[in-house]
Structures are given as structure tokens and as C-alpha cells.
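Report on one structure; see the data block that follows.
The values are calculated or read from the model by the stated rules, or taken from the named source; none is laboratory data. Note that the structure is predicted; figures quoted are calculated from it, not measured. Cβ: placed from backbone, ideal geometry, glycine included. Neighbour counts: every protein chain shown.
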Amino acid sequence: MADRAPRLLDAGLASLRSADDAEPWAYYEQLRELGDVVWDDVMGVWLVLSYDLLKQVTREDGEVWGKGRERHYPGVGMTPDEWHEWATFYGPHSLQAVPREEHDAQHRWWMKTFSGRQVRLLGDTLVRPIADMQIDRFAARGRAELHGEFSARVAPRVVAAAMGLPWEDDDWLEHLLELHERRIALFSLNFDGNRGSASDLAAVEAGRAAVLELIELVRPYVEERRAGDGEDFISLVWRAAEDVFGPDHTAEDVIATINVAFSGGSHTTRSTTSSGLYLLLGDPEVQGWIRSGGPSALARFVEETLRLFGAIPYQMRTALRDTELGGVEIRCGERIIGLGQAANRDPRRHPRPFSVDLGRRAPRDHFSFGIPGVSSCPGQGLARTQLTTIFDVVLERLPGLRLDPDREPPRYRESLIRLWKPLHALFE
Ligand code: HEM
């Protein structure tokens, strides 16, 4: 590796994970000075930073680059096969469990289901009332902590409602979120390179138990919609089950699909909501641009939030054969991590990369919904509808929105799903 590309160790730089739970931008710029592809000696992966090279990966995805069944396998507590079943919620025909061709067909079905007019209508019928209801709880106070009291409550509720889960039951929803958090916690074990400490094994056990409980929690709602005659996502999945999963599907595939959707859609949208609110709180000028620019400015603000603070910072791929990326030789089986957030701020692509700019030429040209294509986020239509409506409601209901200077300031946090919090705010 040493003679093929710059290495972090040689440059005296810490491994990628040192940039977790903090703003990583200065670190990314140090990496960029080394090159567009850099070897992380500690993690044993290639870090890819540039817009152009992530576009190359996009073009070659599925041919040269694979996602790898075991990509998050922590190496302890379960065999790789057990891990795969666990990670896919024991639904053998669900999206992430099936081989490539079936995956791509299912992915197309998801994309269609979560985009288009029906989903946009949810903005007014579902998202707006939920956001309004949440604001009613604190509006009269003139102050609130908008992450905990707003974003963290609205996004999961909307996803639960769209699925047809009991979104009005606060305790039920809290429990569902907590179980999903225990599962997500396991995905970072692989990144950390931990192997077999008592706390890793305890986390694996807790994660395993959480998934089994999630399956049973969702089961009654799935069973009662078998007829598939509703408009909620559970009913839609039942209606399409024969085509989507094949003739030998069972309720386990539907349960897994609902859990995958909730897992993919709740924490990510919650975090992106908070990052957008952080931008609004910090800059009254941006609020003014959106107010005067109407729906198109609002839609562009959503894309800038995603570009600047996409919630999922890492895109992992494994080389399916020997190849070359940015002049660096990558061998079959080696892993790369696409740093989407660094590529989103690549100055060669995005002028004034660190600023909110509602006039960008191609506002959606970012990697915050993953590497575009058959592995990108299939819930992006619903996510965009949610974010647009939520920011619209906030600007309408909370005039004079600003940070509370006397309270703890926001900090950029967490590792695999990033966000700004706390968001102590004042408003009229
Ligand atoms: C702002 C909100 C969201 C962001 C930033 C986001 C981001 C992402 C990213 C980056 C990926 C690719 C992960 C990878 O390649 O490893 C992904 C995948 C996925 N997302 Fe989202 N997502 C969001 C909302 C949603 C919603 C609302 C849903 C469902 C209702 C959803 C469902 C999924 C699923 C099922 C996958 C896996 C796709 C596959 O394996 O082919 N996401 N998301």
C-alpha cells in the first residue's frame, strides 16, 4: 500500500474515526491536501474524498464496486451468516437480504412507492398536522430545545404514520426508536475494529435481542393488514408482495421491510431536520431568502442542508476486481469509504462549498442519499417531502427564530448518523 498512495500515518494524521462526534471539515481538508484517495492504516481502508471520484464509483457501482454482504459484520458474537440474517431482520426476501438482481428490482419498486404525487400529498395530509401538533406543545413558551422537542419527535412519527404503525402512542414509539438505536449501535463496531471485548459481546447480545423484539412489536400490525386494502405502507407491501418478494414470501418479509423502512427513515430524517434548523437558527438572512423566494427557495434550502450536513457520512464499497481510482491501484477485495460529506464540499465542483447558496446550478448534485443508482436511498422522495414541509411549518409558526445565547450552543455530534444538537431556540 505504502508506495501506491498517501498514507495517514506517514502524514502524521489520525484515523478517520478521530473525526467522529465533532465537525470533521478541517480534518477532511487536511486529507484533501494529501490527495483524493488516501490510505487509512488503522482502519485498513481507502478514503475517497473528491466529487469526481465518487462520480466514477457511481458509474462503476455494481460492476467494479460491491456493497458486500458482510460490510458491517463486527467479527464477534455471531457468524457472518447469522449476522446477515440478523441485519436483514430475518426476512429472507427483503431488500437487503436478496442477491443483486432481485435487490435492484425491489429497489425500483421502493423508489416508485416513495416518490410521486401520492407521497408529495403526504406533506399536507400527514407531515404538516404532525409538525403543527408538536409546535403547539411549546409555541406559547417562546423558547424550546428544537432537537428533542421537535425534530426527534416529528420525523419518526411521520415515518411510523406512513407505515401504518401507532404513531400517536408516545411510549410505543419511544420504545421502537430505542430498539432501533441498539441495532444501529452495532454497525459502528465494524468501523471501530473492536474484536471481542466484553462490551462488544454485550452490545451484540443487546442488538440481537432488540431485533427479535422489533419483529414481534411490528408483527400484529402486519398481520392485521394482510388484505392489503389500505393506503399505508404495510398494505402497499402486502399488495405488491407477490411481485416484490416472489411466490414463497411470508409475513416475515413484510415485517422485515417495515423495520428496514423505519430504520432507514427515522433517525436520518430526524438528524437532517435538526441540521436544517441549525442553519436557520444561525442565519436570519437564510430565513429571509426562503421567505422571499417561495417554494423553489425552500426546496433548494433542503438540498443545501443535505449537501452541507448529509446525515450519513460514510459510503462503503468493496472492489470486486483489481482497479484504479484517481491514479491509485485498488486490489480486488480492498475496501473504500466514500466520504460523501467531503465530496459535497469539493471546491472543484461547488464554489463557496461551505456556504448556503440557494442559487446552485445543480442543487441535487450531492451524495447525501448515497451513491446515486441502485443502492441510493429509496426513501428520498418521502424524506424531501418531510423536510420541505417541516421547514415551511417552522418558518410560518416560529417568527423571529434565533439561537438562545444563554443556553448550551449546538455541537455537531455522533458518528454514523450525524446531527446538530442541542438547538435551544427563542422565537416570537
Ligand atoms: C433525510 C433523510 C434520509 C437520508 C439522509 C438517507 C440517507 C440514506 C443513505 C446515504 C443511504 C445509502 C446507505 C448505504 O449505501 O450504505 C440510504 C439507504 C436507505 N434508505 Fe435512506 N435516507 C433518508 C431517509 C429515508 C427514508 C424516509 C426511508 C424510508 C421510508 C429510507 C430508507 C432507506 C433504505 C431502505 C435504504 C437501503 C437501500 C438499499 O439497501 O438499497 N431512507 N439512505
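Which count do you get for residues in the range 33-52 that are touching a strand residue (DSSP E or B) at 6+ places or on another chain (Cβ under 9 Å) and within 23 Å of Pro351 (Cα to Cα)? Spell out the reasoning first.
In the first step, residues of the range 33-52 are kept if they are touching a strand residue (DSSP E or B) at 6+ places or on another chain (Cβ under 9 Å); the result is 34-41, 43-50.
Next cut, within 23 Å of Pro351 (Cα to Cα) only: 34-37, 47-50.
Final tally of qualifying residues: 8.
Hey, does the range 351-369 have a residue that's hydroxyl-bearing (Ser, Thr, Tyr) and within 16 Å of the ligand (Cβ to nearest atom)? Break it down into steps so the answer makes sense when it comes.
Let us first name the residues in the range 351-369 that are hydroxyl-bearing (Ser, Thr, Tyr), namely 355, 368.
With within 16 Å of the ligand (Cβ to nearest atom) added as a condition, the list becomes 368.
Scanning the range 351-369, I find at least one residue that is hydroxyl-bearing (Ser, Thr, Tyr) and within 16 Å of the ligand (Cβ to nearest atom), so the answer is yes.
Number of residues in the range 308-344 that are among the charged types (D, E, K, R) and within 16 Å of the ligand (Cβ to nearest atom): the value is 2. If I filter the range 385-409 down to residues being buried (at least 22 other Cβ atoms within 10 Å of the Cβ) and of a type outside the set (A, V, I, L, M, F, W, C), which single residue comes out as farthest from the ligand (Cβ to nearest atom)? Among them, the one singled out is Thr389.
Mind checking which helices (runs of 4 or more DSSP H) fall wholly inside the range 68-143 and carry at least 2 residues that are over 20 Å from the mean Cα position of the chain (by Cα), within 13 Å of the ligand (Cβ to nearest atom) and over 30 Å from Leu401 (Cα atoms)? Break it down into steps so the answer makes sense when it comes.
Details: elements: 80-87, 100-113, 117-122, 128-136.
Passing ranges, in order: 100-113.
Each row is one residue, and each column tells you yes or no for (1) part of a helix (DSSP H, G or I); (2) touching an Asp or Glu at 6+ places or on another chain (Cβ under 9 Å); (3) modelled with pLDDT of 95 or more.
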| site | (1), (2), (3) |
| --- | --- |
| Ala206 | yes, no, no |
| Leu214 | yes, no, yes |
| Arg226 | no, no, yes |
| Ala241 | yes, yes, yes |
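Results for (1) of a type outside the set (D, E, K, R); (2) more than 13 Å from the ligand (Cβ to nearest atom); (3) surrounded by fewer than 24 Cβ atoms within 10 Å (Cβ to Cβ); (4) within 23 Å of Val98 (Cβ to Cβ), shown as yes or no for each residue.
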{"residue": "Pro220", "(1), (2), (3), (4)": "yes, yes, yes, no"}
{"residue": "Asp248", "(1), (2), (3), (4)": "no, yes, yes, yes"}
{"residue": "Gly264", "(1), (2), (3), (4)": "yes, no, yes, yes"}
{"residue": "His267", "(1), (2), (3), (4)": "yes, no, no, no"}
{"residue": "Gly282", "(1), (2), (3), (4)": "yes, yes, yes, no"}
{"residue": "Glu285", "(1), (2), (3), (4)": "no, yes, yes, no"}
{"residue": "Ser296", "(1), (2), (3), (4)": "yes, yes, yes, no"}
{"residue": "Ala299", "(1), (2), (3), (4)": "yes, yes, yes, no"}
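Do we find that Asp81 is of a type outside the set (A, V, I, L, M) and surrounded by fewer than 16 Cβ atoms within 10 Å (Cβ to Cβ) in this structure?
Details: of a type outside the set (A, V, I, L, M): yes; surrounded by fewer than 16 Cβ atoms within 10 Å (Cβ to Cβ): yes.
Judged against the criteria, Asp81 is a match.
Taking (1) more than 30 Å from Arg360 (Cβ to Cβ); (2) in a helix (DSSP H, G or I); (3) more than 16 Å from the ligand (Cβ to nearest atom) in turn, Ala256 satisfies each apart from (3).
For the range 54-63, the count of residues that are touching a helix residue (DSSP H, G or I) at 6+ places or on another chain (Cβ under 6 Å) and in a helix (DSSP H, G or I) is at least one. Sub-6 Å Cβ pairs linking a first residue in the range 248-270 that is in contact (Cβ under 8 Å) with a residue 24 or more places away in the chain and farther than 21 Å from Gly381 by Cβ to a second residue that is more than 11 Å from the ligand (Cβ to nearest atom) and of a type in the set (Lys, Arg), at least 6 apart or interchain, are Ile255/Arg219, ordered by first then second residue. For Pro372, the test of being under 28 Å from Asp61 (Cα atoms) and surrounded by fewer than 22 Cβ atoms within 10 Å (Cβ to Cβ) is passed.
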